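To start, the structure under review is shown below, and the notes come after it.
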Amino acid sequence: MNEDQLILETLNQLDITYTRITHEPAFTIEDIKNLGQFEGNVCKNLFLYDKRADRHYLVTMLQNKKAHFNTIRKKLKAASLIFGTEDKLLELLGVTPGSVSPLGLIHAKGKMLTLLLDEDLPKQSKLGFHPNINTSTFIISYDDFKKYIIHCDIPYEFIGVTKDSPL
């Protein structure tokens, strides 16, 4: 089963309503912006690693925000945060760079990964994510996204991701 089918089957199993937008490969948020307007707020995703704790994090945040690593690091009480390797990205989320998505959490059950959600995500009615491939975007409601996270059984927490976010 390919990634697209796995995500579709999971969303359908959970009765999650989505709109699928097929497009040219989009590796970055800038690429997504160049494709035009989407109904929801397409999210930016960062795959980070704390070597001291041997813990990986997926940060999912609103596309217009700039992640401030020091703020995130302090919140996690991490010595340092670096980008995770391509090998770990494939192992934990089943994706390659340019396709990072919380929809990859379907692969992470029972693994050392924590989802860090931008504190402003719950204020959005619709969110957009790659379905683990960067040639389409799925638009789903925040409530359905939360249902998906709970199904994946991955620890998650809300955090401020910008420099001005309170710790």
DSSP bridge orientation in region 19-149 - percent antiparallel, rounded to nearest 5:
70
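Sequence gap at least 6, Cα distance under 8 Å: using those rules, report the relative contact order of the chain to the nearest whole percent.
Relative contact order comes out at 31 percent.
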Residue by residue through region 25-38, what is 3J(HN,Hα) from phi via Karplus (6.51 cos²θ - 1.76 cosθ + 1.60, θ = phi - 60°)? Round to whole Hz and write x for glycine and proline.
x, 10, 8, 9, 5, 4, 4, 4, 4, 6, 7, x, 7, 10
On full extension of the chain, what length is gained from Phe27 through Leu14, given 0.36 nm per residue of separation minus the C-alpha to C-alpha distance?
1.9 nm
Need the list of lysines near Lys66 for cross-linking: C-alpha distance under 19 angstrom, and skip anything on the same chain fewer than eight residues off.
Lys33, Lys44, Lys74, Lys75, Lys123, Lys163
Spelling it out for Thr114: with amide H atoms placed in the peptide plane at 1.01 Å from N, the residues 5 or more places away or on another chain with amide H under 5 Å from its amide H are His56, Tyr57, Leu58
Mind telling me which of Asn134, Asn12, Asn41 comes out most flexible in a GNM of the chain, alpha-carbon contacts under 10 Å?
Asn12
Which order do the peptides 66-77, 43-54 come out in when sorted by mean C-beta neighbours inside 10 angstrom, highest first?
43-54, 66-77
Between Asp153 and Arg73, what FRET efficiency follows from the Cβ-Cβ distance if R0 is 35 Å, with the result rounded to 0.05?
0.85
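Rounded, prolate or oblate: pick one for region 37-101, where a ≥ b ≥ c are the square roots of the eigenvalues of its C-alpha gyration tensor, a/c under 1.5 means rounded, and failing that, prolate if a/b is larger than b/c, else oblate.
On the way: a/c = 2.98, a/b = 1.28, b/c = 2.33.
Oblate.
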List every residue whose amide H lies under 5 Å from the amide H of Phe158, counting only residues 5 or more places away in sequence or on a different chain, with H placed 1.01 Å from N in the peptide plane.
Leu117
Per residue convex hull volume, Cα atoms of region 18-167, in Å³:
98
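Here, each number is a calculation from the coordinates, and none is a lab measurement. Keep in mind it's a predicted model, so treat the numbers as computed, not measured. Note that we place each Cβ from the backbone using ideal geometry, even for glycine, and neighbour counts take in every protein chain shown.
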